[in-house]
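Reviewing the structure listed below.
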Amino acid sequence: MTRLWNTPAEFADEMVDGFVAAHPRYVRKISGGVVRRAVSPEGQVALVVGGGSGHYPAFGGLVGPGLAHGAAMGNLFASPSTQQVLSVARAADNGGGVFLSYGNYAGDVLNFDAAQERLRAEGIACETVTVTDDVASAPLAERHKRRGIAGDLTVFRAAGAASAAGYPLAEVARVARLANDRTRSFGVAFTGCTLPGAPEPLFTVPAGKMAVGLGIHGEPGIDVVDIPSADELAALLVERLLAEVPDGADGRVIPILNGLGSVKYEEMFVVYGRISALLEAAGLTVIDAHVGEYCTSFDMAGLSLTLYWLDDELADLWETPVDTPAYRRGSVGAVELSDAPDEAPVAEVVLTRGDAESVALAETVVAVLETIVATIDENVDELGRIDAIAGDGDHGIGMQRGSHAALAAGRAAAQAGAGAGTVLAQAADGWSDKAGGTSGALWGVILTAIAASLGDTGRPEAAAVAAGVAAGAKGVTDYGKAEIGDKTLVDALLPLTETLTARIAAGDDFLDAWQVAAASATTAAEATADLLPRMGRARTHGMNSVGTPDPGAISLALIATSVGALLADRIERKAHA
């Protein structure tokens, strides 16, 4: 289990602080992650990688000459937010464009894609290649749906080497796509991992058994079998990967045996001895074998094998020297170090002051944010528990970080005299930035839409607020592409907004309409227990999640119910004042 932590919700931030303090020659801290301390040539393509924390040395440990220029580092097992990716990309940009690469997970795709759009709008050329190396997560015909695991290393190295060689942005992207096409991985685990502060691991494997094909966040695999001998495990890994040799492979291969956190190096060397013999027997030429920890999962006991199939170009690029905190190859030589400060200056936020009515309404907005925080704090452990079954266990921590950040930002705006719309808009930005992940992005969309309906003058009509909720729901479905039945928060959000709009149109006052809508959302959220997930990271959980409701739908229903109770209490107290 993970034993050393202070406050679970602050673990990722404190980890980054310690990482930077330990490696000041390599990295400097900026908002959202880290960038190289070494000065990069003007016009060089900037490789920005990233993902959730908990996988060291991915992703910050791979920042340095010959590899990444920056890493956006999200919360535990949660993607970095759009703001984090933007911050790192802007700081890493050398004028040659930004190349983004990361594992293929729903939250990462949402936030990195949004950041790419904004970078392009700012005039910064940007391209992306997602890593899809995990053969167990989808069939070959659906390679675009596969997860990215330890194969991150090969794609990142190819892109970093191409950048170092002076390739333009389009060519860096081409090389990264080629490397991804030539990379295959397959993993097993003997025990699950435990997030900081969690009382139980995300998943368990029966004693004497091994989970086959699982993901690095505890996503279920394709089988549970008896623990084999080291030689038998080597045979299983090699057989599975040799069943899917990429087109054009010429027999040169780089094997990467990756430890997931608790398997000892000595054990991996025993396994690799047999892997090496099997690859040789298959007539393959092994180049630069890797045995170690390259993409971990806290304390998970398990390992994965990656095979990276070379051609002449990829082989030449692989020889590029690399010097990062956690990964070194060859000799980079002397580099110039930047004297830029760790934290980039934070731009001052210009707030829109509200009129008297809107400022008064802003007090209610802050009270709503306080209620959301109290609701999430009360349910954080349960949200994490159900997410460990139907997701990856980080939903409670992510919602807690997001709601607390939203409250802090909203309070600050209200104290500055901002109107209700600006207060909620600031809260939305704080939530999406601090929470990261899919839920952070989607709650940012919801609150931003409602903020627009509130405005900063007067008090909006009930129909306007309902329209804001509806706009938020449309933003979520447009952004995340989920539909009713996909087992996401959309299954609760759409009943909420549809009921609210209908009841207000029928003449109900706002409170009555909201409470009926919240009840509808609660019923719908509970019903997600019967659904198979069809979207997001939970998709690979399949039947394992049946019987457990979607944590995003549950948290939305809890918030809707508690907000209704708050509004009822405030109306009652006002009536008796």
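The values are calculated or read from the model by the stated rules, or taken from the named source; none is laboratory data. Predicted model only: the values in this text are computed from it and were never measured. Positions of Cβ are backbone-derived with ideal geometry, glycine not excepted, and every protein chain shown enters the neighbour counts.
Values computed for the structure shown
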quantity: Residue match in the range 401-411 (condition: closer than 23 Å to Pro196 by Cα, in contact with a Ser or Thr (Cβ under 6 Å, 6 or more places away or on another chain) and surrounded by fewer than 24 Cβ atoms within 10 Å (Cβ to Cβ)); calculated: no
quantity: Tally, over the range 118-146, of residues that are surrounded by fewer than 20 Cβ atoms within 10 Å (Cβ to Cβ), within 20 Å of His69 (Cβ to Cβ) and out of contact with any Leu (no Cβ under 7 Å at 6 or more places or on another chain); calculated: 4
quantity: Residue identified as without any contact (Cβ under 8 Å) to a residue 60 or more places away in the chain and within 29 Å of Pro201 (Cα to Cα) among Gly32, Gly52, Gly95, Gly60; calculated: Gly32
quantity: Flag for Ala46 being at pLDDT 95 or above, under 21 Å from the mean Cα position of the chain (by Cα), closer than 21 Å to Ile397 by Cβ and buried (at least 24 other Cβ atoms within 10 Å of the Cβ); calculated: no
quantity: Residue that is nearest to Gly64 (Cα to Cα), among those in the range 296-324 that are at pLDDT 95 or above, of a type in the set (Asp, Glu) and part of a loop (DSSP other than H, G, I, E, B); calculated: Glu319
quantity: Some residue of the range 436-455 being closer than 24 Å to Asp392 by Cα and not in a helix (DSSP H, G or I); calculated: yes
quantity: Lone unmet requirement of (1) buried (at least 23 other Cβ atoms within 10 Å of the Cβ); (2) over 18 Å from Met73 (Cα atoms) for Ala416; calculated: (1)
quantity: Ala141 vs. criteria assigned to a helix (DSSP H, G or I) and free of Cβ contacts under 8 Å to residues at least 60 places away in the same chain; calculated: yes
quantity: Evaluation of Phe298 against (1) among the hydrophobic types (A, V, I, L, M, F, W, C); (2) crowded, with 18+ Cβ neighbours inside 10 Å; (3) out of contact with any Ser or Thr (no Cβ under 7 Å at 6 or more places or on another chain) (one fails), failing number; calculated: (3)
quantity: Among the residues listed as Phe112, Phe99, the single one being surrounded by 24 or more Cβ atoms within 10 Å (Cβ to Cβ), under 30 Å from Gly475 (Cβ atoms) and either touching an Asp or Glu at 6+ places or on another chain (Cβ under 9 Å) or not assigned by TED's automatic domain parsing to the domain that holds Ala162 (or both); calculated: Phe99
quantity: Looking only at the range 464-482, and only at residues there that are surrounded by fewer than 21 Cβ atoms within 10 Å (Cβ to Cβ), over 18 Å from Ala560 (Cβ atoms) and in contact with a helix residue (DSSP H, G or I) (Cβ under 8 Å, 6 or more places away or on another chain), the one that is modelled with the highest pLDDT; calculated: Ala464
quantity: All positions within the range 193-226 that are exposed (fewer than 15 other Cβ atoms within 10 Å of the Cβ), free of Cβ contacts under 8 Å to residues at least 40 places away in the same chain and in a loop (DSSP other than H, G, I, E, B); calculated: Thr204, Pro206, Ala207, Gly208
quantity: Filtered residues of the range 10-60 (kept if in contact with a Gly (Cβ under 8 Å, 6 or more places away or on another chain), of a type in the set (Gly, Ala, Ser) and more than 25 Å from Thr191 (Cβ to Cβ)); calculated: Gly33, Ala38, Gly43, Ala46, Gly50, Gly60
quantity: Any hit, the range 329-348, residues being assigned to a strand (DSSP E or B), surrounded by 15 or more Cβ atoms within 10 Å (Cβ to Cβ) and either at pLDDT 95 or above or not assigned by TED's automatic domain parsing to the domain that holds Gly61 (or both); calculated: yes
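Quick grid of which residues meet (1) among the charged types (D, E, K, R); (2) within 27 Å of the chain's Cα centre (by Cα); (3) assigned by TED's automatic domain parsing to the domain that holds Thr154:
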| site | (1), (2), (3) |
| --- | --- |
| Val253 | no, no, yes |
| Gly259 | no, yes, yes |
| Ser262 | no, yes, yes |
| Phe269 | no, no, yes |
| Val286 | no, no, yes |
| Val291 | no, yes, yes |
| Leu307 | no, yes, yes |
| Asp312 | yes, no, yes |
| Trp318 | no, no, yes |
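The rows are residues; the columns are (1) surrounded by fewer than 16 Cβ atoms within 10 Å (Cβ to Cβ); (2) at pLDDT 95 or above; (3) outside the structural domain of Tyr105 (by TED's automatic domain parsing); (4) farther than 24 Å from Asp108 by Cβ.
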position	(1), (2), (3), (4)
Leu493	no, yes, yes, no
Thr499	no, yes, yes, yes
Asp509	yes, no, yes, yes
Ala519	no, yes, yes, yes
Ala525	no, yes, yes, yes
Ala538	no, no, yes, no
